[in-house]
1. Compute the relative contact order of the chain as a whole-number percentage, counting only Cα pairs closer than 8 Å that sit 6 or more residues apart in sequence.
2. Can you give the accessible area of residue 18 in Å² (nearest 10), computed on protein heavy atoms with a 1.4 Å probe?
3. Taking H as built 1.01 Å from N, whose amide H comes closer than 5 Å to the amide H of residue 34, not counting residues under 5 places away?
4. Nothing charged except the Cβ atoms of Lys and Arg (+1) and of Asp and Glu (-1): what's the magnitude of the dipole of the chain about its Cα centre? Round to the nearest 20 debye.
5. Can you give me the long-range amide H partners of residue 92? Hydrogens built in the peptide plane at 1.01 Å from N, cutoff under 5 Å, separation of 5 or more residues or another chain.
6. For Rg/Rh (Cα atoms, Kirkwood Rh), one of (i) 1.05; (ii) 0.95; (iii) 0.99 was computed from the structure I shared and the rest are decoys. Which label?
7. DSSP loop (so not H, G, I, E, B), at most 14 other Cβ within 10 Å: list which GluC sites (Glu not before Pro) in the range 20-50 pass both filters.
8. Choose one answer from 33, 72, 12: the residue with the largest mean-square fluctuation in a GNM of the chain with alpha-carbon springs under 10 Å.
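The values are calculated or read from the model by the stated rules, or taken from the named source; none is laboratory data. Note that this is a predicted model, so its numbers are computed, not measured. Neighbour counts are summed over all protein chains in view; Cβ atoms, including those assigned to glycine, are modelled from backbone coordinates with ideal geometry. The area values use the complete protein model at the heavy-atom level, side chains included, leaving out ligands, DNA and RNA. Shrake-Rupley method; radii C 1.70, N 1.55, O 1.52, S 1.80 Å.
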Amino acid sequence: VGSAEQGIRILSLPDCAVIAELGMPGSTELSWSTVLLAAKEAKLFEVPLDGAKPTEMAMPGNRKNGFALSPSGKILAVTAGEQRQEIWTLQVSPP
């Protein structure tokens, strides 16, 4: 999976054939488990693999860079906070 100004591109290995091109130009962080998540600044989006429009997820207003998706794809951990760092966990909608 790669991210660029044009959006997210999913490639097969070893030939690097394009499997899918998805939205989200300018995304800076990606995580893929049972769902594909992409961050753009403090906003976090669920990105459908069928090319449908990404859905913004509700996040704390002071989310910092970095997030982790559980192996099951059901729980998301994000960091937030101004004076003290907090770790928030959120449920991810089922695929």
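1. 17 percent.
2. My reading of the accessible area for residue 18 is about 80 Å².
3. 73
4. Charge dipole of the chain: 240 debye, to the nearest 20.
5. 75, 76
6. (iii)
7. 41
8. 12
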